[in-house]
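Okay, so here's the structure we're looking at.
The values are calculated or read from the model by the stated rules, or taken from the named source; none is laboratory data. Every value quoted in this text rests on a predicted model; they were computed, and no experiment measured them. Here the Cβ positions follow ideal geometry from the backbone for every residue, glycine too, while neighbour counts run over all protein chains shown. Protein only, heavy atoms only, side chains kept; ligands, DNA and RNA dropped before computing areas. Shrake-Rupley method; radii C 1.70, N 1.55, O 1.52, S 1.80 Å.
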Amino acid sequence: MTSASTFPQRLTKIDDLTRPDHFYLTPEDACYFLGEYTARKGYAFSPTNQLVLNFKKSLDKRGTPQWKYKDRAIREAAAAMRGSLTGDLLDRITLVPIPPSKAKTDPLYDDRLVQMLHALRPQPRLDIRELIVQRASMAAAHDQANRPRPEEIQANYAIDENLLQPKPENIALVDDVLTTGAHFRAACSVVQQAFPDVSIVGLFIARRVPEAVDFEEFE
């Protein structure tokens, strides 16, 4: 079980040292994360791994004993994000979830990010907009031999023009895990077309870090 005392409660900015781990990001991209997730290491590897894997549990687990861990992870992620953002900032920013791999018409569409954002602060209401619409479901990036490029992802995105007003003062694109940066770049590009003069940042529950090299293997 992840607790508030073990999962990071403070946002860290992607900098020159960490940006190469997310090779589609540019120096102009302002992206922030809470924890560091290591792929293929399982739940027990770290508090962040536990939270992320529970947060991303598939909807086919609904109704099973595992589902309570997903609900808990959503609440814990919201609490950590809330603790890292000031109330003043939340009042001045429009929160836009980056779509998951499944379109809203798909039975496996997962609104976990939307749930987390609404849990940040029930009152006064935050400006949360599902501004980016995914036209069709895609295979999850981690299930593809060749991860999609930003242009491929962007081609499947559209803007919900019913949500363009009022014009945002600032926009935060929110996702669970920052991997290559392809989804952030795609989302950023499509939102910039609608709001070319609005500041955009990325907020992530975690960033994926490279697996550490075990030098004992070379002895």
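Data for the structure
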read-out: Only listed residue being closer than 21 Å to Asn156 by Cα and charged (D, E, K, R), chosen from Arg82, Arg92, Arg125, Arg112; value: Arg112
read-out: Lone unmet requirement of (1) at negative phi; (2) more than 14 Å from the chain's Cα centre (by Cα); (3) free of Cβ contacts under 8 Å to residues at least 40 places away in the same chain for Leu85; value: (3)
read-out: Selection count where residues are closer than 20 Å to Leu113 by Cβ and among the hydroxyl-bearing types (Ser, Thr, Tyr), scope the range 35-63; value: 3
read-out: Residue check for Ile128: closer than 17 Å to Leu163 by Cα, open to solvent by 30 Å² or more (accessible area, probe 1.4 Å) and touching a Leu at 6+ places or on another chain (Cβ under 7 Å); value: yes
read-out: Selection status of Tyr69, surrounded by 16 or more Cβ atoms within 10 Å (Cβ to Cβ) and under 15 Å from the mean Cα position of the chain (by Cα); value: no
read-out: Qualifying residues in the range 101-152 (those that are touching a Phe, Trp or Tyr at 6+ places or on another chain (Cβ under 7 Å) and assigned to a loop (DSSP other than H, G, I, E, B)) - the one nearest to Arg72 (Cα to Cα); value: Lys102
read-out: Failed condition for Ile98, given (1) more than 24 Å from Val191 (Cα to Cα); (2) in contact with a His (Cβ under 6 Å, 6 or more places away or on another chain); value: (1)
read-out: Given (1) farther than 27 Å from Gln192 by Cβ; (2) within 15 Å of the chain's Cα centre (by Cα), number of the condition Ile132 does not satisfy; value: (1)
read-out: The range 109-128 residues that are of a type in the set (Val, Ile, Thr), paired with ones that are part of a helix (DSSP H, G or I) (beta carbon under 7 Å, 6 or more apart); value: Ile128/Leu117; Ile128/His118
read-out: Selection from the range 1-54 of residues that are among the β-branched types (Val, Ile, Thr) and open to solvent by 30 Å² or more (accessible area, probe 1.4 Å); value: Thr6, Thr12, Thr26
read-out: Any hit, the range 165-186, residues being open to solvent by 30 Å² or more (accessible area, probe 1.4 Å), in contact (Cβ under 8 Å) with a residue 12 or more places away in the chain, part of a loop (DSSP other than H, G, I, E, B) and not hydroxyl-bearing (Ser, Thr, Tyr); value: yes
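Results for (1) small (Gly, Ala, Ser); (2) surrounded by fewer than 16 Cβ atoms within 10 Å (Cβ to Cβ), shown as yes or no for each residue.
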position	(1), (2)
Asp91	no, yes
Gln115	no, no
Gln123	no, yes
Arg135	no, yes
Met138	no, no
Asn146	no, yes
Ala155	yes, yes
